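Read the structure below first, then the notes.
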Amino acid sequence: MKVFMLGWEFPPHITGGLGTACFGLTKGLDAVGVEVVFVLPQSVPGGETSHVRLKSPADIIDVTAAAEERTFRVKELPNVEFHQVDAVLQPYARPGATERIPELLSEFDIQSLHECFPQSAQVHADAPQPHGPQDLPKGTFAAGPGAHYGGDLISQVHRYARLALELARTEQFDVIHAHDWMTYPAALAVAAASRKPLVVHVHSTEFDRAGENVNQQVYDIERMGMHAAAAVVCVSHLTENIAVSRYGVEREKCHVVYNAVEFPAEADSDEIYRPITRNEKIVLFLGRLTMQKGPEYFLRAAKKVVERYKNVRFVMAGSGDMIAQCVREVAQLKLGRYVAFTGFLRGADVARVFQLADLYVMPSVSEPFGIAPLEALSHNVPVIISRQSGVAEVLTHALKVDFWDTDEMANKILAVLKHAPLQRALRQHGHIELRKLSWKDSAAKLKDLYTGLVGATR
């Protein structure tokens, strides 16, 4: 079994949980004997080292001629081959960015893809048809709520599609697997040319990222990809329900495959980092500072905590379009003494901040899954998670709150910080529960799905 897989990030160069999930899934697929060709955009900054040797050649348009230069492997994944194509996909814009998107080549515009896959336009009559701002020129993304796409993103998505299609013509494969909306146009083009079954993997939807103020172009691409696919893989039943109710996807076509986490290597004693002071407890928020992640609710709960408990420090690790708003809110709530911002963290720095933490809180407004709580538990850190998250479906030994209920959030934070037996119980039982989730098991489900799709097309 060989899979042509499309993704737009991979460790160590990641912006969130998608790259982590892609790494885990490819490692699991390698373990169950599935061969993977993974196509990445060329967006690799220089000067960084990792177990992945990433090559960044000069700009070359002829993908076929450059195939050898653009190929790399991860030494522990012998069945996974990675290819880069010349596209720079930046999913999140700086605050206030408003960019004009150039006209796209007609062979890859939305209308042409609808013509290739007419069934993709057949949305159920009761599926909502959201619309973005009507007073903007065609091809413009608005700044403001839900406007987290900037630069030439859509044109880069289509450039990636053209080059991925050229690469696909040099490969033999059985199934196409696309991760999230930015790879869907590429996947649709490859599926049309190869006539191979298409699997789209929904890690997040536009409703998760933007609430009701969705971007119409992104929604259209998501809907088209889901309807054109032979199977839709969802990271949780929460996401499956959104695919069915918001995009009109048949439930029978949806398959829930949960994410997992790898346990970190045991740290040496001299690598254990100490809290800021001996008597301060560390409460951690780690994630993008965006509407979806609910950072403002974390800060409002923090205010209620410090009114009753002073020996605490709230650490916000991450970056995003709400960073300025969060800094202002800290000032307005007079929390400057109690809140620290670290900026975006990756790799060893993530492990360090978990080693510091006494508690991890994920107050997400809408979280399709949420790998960070699993990472926290793998570092022996108890967690409080939003009930509006997919990971709440698989974790029973975690405290759960509604994201908007900052009183309950504050009470549970205080309970964990003040009561050592509760903290120990959450750590121990959460750690045991975590071992039930494995990337190999998730990959085995995908392999069974692939096998069924290939068998049905013969």
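The values are calculated or read from the model by the stated rules, or taken from the named source; none is laboratory data. In this text, all values refer to a predicted model and were calculated from it rather than measured experimentally. Backbone-built Cβ (ideal geometry, glycine too); neighbour counts: all protein chains shown. In case anyone asks, the SASA skips ligands and DNA or RNA and just uses the protein heavy atoms, side chains included. Shrake-Rupley method; radii C 1.70, N 1.55, O 1.52, S 1.80 Å.
Search the stretch 169-179 for residues being open to solvent by 10 Å² or more (accessible area, probe 1.4 Å) and not basic (Lys, Arg), and hand back the single one that is farthest from Val3 (Cα to Cα). Please lay out each step first, then the result.
As a first pass, look at the stretch 169-179 and keep what is open to solvent by 10 Å² or more (accessible area, probe 1.4 Å): 169-174.
Among the residues that remain, those that are also not basic (Lys, Arg) are: 170-174.
Details: Thr170: 14, Glu171: 10, Gln172: 9, Phe173: 6, Asp174: 6 Å.
So, considering only residues that are open to solvent by 10 Å² or more (accessible area, probe 1.4 Å) and not basic (Lys, Arg), the one farthest from Val3 (Cα to Cα) is Thr170.
Across the stretch 306-332, which residue is nearest to the chain's Cα centre (by Cα) among those that are under 27 Å from Ala415 (Cβ atoms) and among the hydrophobic types (A, V, I, L, M, F, W, C)? So that I can check it myself, show each step before the final result.
Of the stretch 306-332, the ones under 27 Å from Ala415 (Cβ atoms) are 306-318, 326, 329-330, 332.
Checking the rest, the ones that are also among the hydrophobic types (A, V, I, L, M, F, W, C) come to 306, 312, 314-317, 326, 330.
Details: Val306: 32, Val312: 30, Phe314: 24, Val315: 21, Met316: 19, Ala317: 16, Cys326: 22, Val330: 27 Å.
This residue is Ala317.
Figure legend. Inter-residue proximity from the stretch 430-458: first residues assigned to a helix (DSSP H, G or I), second residues of a type in the set (Val, Ile, Thr) and at pLDDT 90 or above, beta-carbon distance below 6 Å, spacing 6+ or different chains. Indicated pairs: Ser442/Val257; Ala443/Val32; Ala444/Val32; Lys445/Val257; Lys447/Val32; Lys447/Val34; Tyr450/Val175. Looking at Leu399, Leu359, Leu377 in this structure, which one is open to solvent by less than 10 Å² (accessible area, probe 1.4 Å) and over 21 Å from the mean Cα position of the chain (by Cα)? Checking each option against the conditions leaves just Leu359. Scanning the stretch 409-432 for residues that are closer than 16 Å to Leu377 by Cα and open to solvent by 60 Å² or more (accessible area, probe 1.4 Å) gives Arg424, Gln428, His429, Ile432.
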